[in-house]
Amino acid sequence: MEKDRIKQAYLDFVLNEGRPPQSVFKLTQQLGIAEQEFYKLYANFESIERELWADFGRQAREAAATEPVWEGYGSREKLLAFYYTLLEILKQNRSYALMSLRRSLHRVPALTPQVLDDFRQDFERFVGDLLAAGRVSGEIANRPLVQEGYPRFFWQQALFVLGFFAKDDTVNFERTDAAVEKAVTLSFDLVGRNTLDSAVDFVRFLVGK
């Protein structure tokens, strides 16, 4: 498939040279295809990078969901499984992933780099589905006034995980694995039922009475 061939050629060039090609013409010349064939598939090199990151996220979701234990997991365990699978995929592509993250994440903290735009959209949909299922099961508290913002809150968590991964110098990124567990535990403690929800329920009971 021509699209995959272009994407792989771009990735190989970046890994070998430490930078994108100087022009689309240079890359297509190397591939032996007309420049117009590139533009039928991609607008520019940035669109290839966005697709590469979207691929990482899609592969992680699909791989995690094929595990036999997936259907028995709650929302918290599914998000953990996604993150751990994503980290394994990033480790397999660590040279490119680290280069890309270190080049883009440091620019404006908490803002999404353009290279992660497609990844973010897919991630927020995925988390939205997990949280909706969690509300049905009772794992997630039903808070109509704030829950619409949860996917964006979890995306900030994802940025934290990616940033931690990019800076982690421990063997096999062991600290990143620990950071994921602590971050997910904290986030689900915040969105799960807690003392505040019990207090609100009690007030509603009193008002209703």
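Computed quantities for the displayed model
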{"item": "Single unsatisfied condition, G72 versus (1) within 24 Å of D4 (Cβ to Cβ); (2) open to solvent by 20 Å² or more (accessible area, probe 1.4 Å); (3) of a type in the set (G, A, S)", "result": "(1)"}
{"item": "Options A97, A64; residue that is farther than 19 Å from G192 by Cβ, touching a Phe, Trp or Tyr at 6+ places or on another chain (Cβ under 8 Å), hydrophobic (A, V, I, L, M, F, W, C) and in contact (Cβ under 8 Å) with a residue 24 or more places away in the chain", "result": "A97"}
{"item": "Every pair of residues 6+ apart whose Cβ atoms lie under 6 Å, when the first sits in the range 1-23 and is open to solvent by 80 Å² or more (accessible area, probe 1.4 Å) while the second is in a helix (DSSP H, G or I)", "result": "none"}
{"item": "Matching residues, the range 114-149, being among the β-branched types (V, I, T) and in contact (Cβ under 8 Å) with a residue 40 or more places away in the chain", "result": "V115, V127, I140"}
{"item": "Considering residues of the range 25-39 that are among the hydrophobic types (A, V, I, L, M, F, W, C), out of contact with any Ser or Thr (no Cβ under 9 Å at 6 or more places or on another chain) and part of a helix (DSSP H, G or I) only, the residue farthest from D12 (Cα to Cα)", "result": "F25"}
{"item": "Residue check for R152: over 21 Å from L86 (Cα atoms) and in contact (Cβ under 8 Å) with a residue 12 or more places away in the chain", "result": "no"}
{"item": "The range 56-66, subset in a helix (DSSP H, G or I) and open to solvent by 70 Å² or more (accessible area, probe 1.4 Å), residue farthest from R103 (Cα to Cα)", "result": "E62"}
{"item": "Pair list, Cβ under 7 Å, 6 or more apart: the range 37-50 residue touching a residue at least 24 places away in the same chain (Cβ under 8 Å) and farther than 21 Å from L101 by Cβ, other residue of a type in the set (D, E) and open to solvent by 50 Å² or more (accessible area, probe 1.4 Å)", "result": "E37/E2; L41/E2"}
{"item": "Candidate set: the range 25-52, residues that are touching a helix residue (DSSP H, G or I) at 6+ places or on another chain (Cβ under 7 Å), surrounded by fewer than 18 Cβ atoms within 10 Å (Cβ to Cβ) and of a type in the set (A, V, I, L, M, F, W, C); chosen: the one farthest from L90 (Cα to Cα)", "result": "A34"}
{"item": "Top-ranked residue of the range 28-53 - restricted to ones that are under 28 Å from the mean Cα position of the chain (by Cα) and among the aliphatic types (A, V, I, L, M), ranked as nearest to F119 (Cα to Cα)", "result": "L52"}
{"item": "The lone exception for R94 - which of (1) closer than 18 Å to F165 by Cα; (2) open to solvent by less than 70 Å² (accessible area, probe 1.4 Å) it fails", "result": "(2)"}
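Conditions tested, residue by residue: (1) surrounded by fewer than 14 Cβ atoms within 10 Å (Cβ to Cβ); (2) assigned to a helix (DSSP H, G or I).
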position: A54; (1), (2): no, yes
position: L87; (1), (2): no, yes
position: T112; (1), (2): no, no
position: L130; (1), (2): no, yes
position: G134; (1), (2): no, yes
position: F153; (1), (2): no, yes
position: F160; (1), (2): no, yes
position: N172; (1), (2): yes, yes
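The values are calculated or read from the model by the stated rules, or taken from the named source; none is laboratory data. Not measured: the values here are computed from a predicted model. FYI the Cβ positions are ideal-geometry reconstructions off the backbone, even for glycines, and counts take in every protein chain you see. Surface areas here come from the heavy atoms of the whole protein model, side chains and all, with no ligands, DNA or RNA. Shrake-Rupley method; radii C 1.70, N 1.55, O 1.52, S 1.80 Å.
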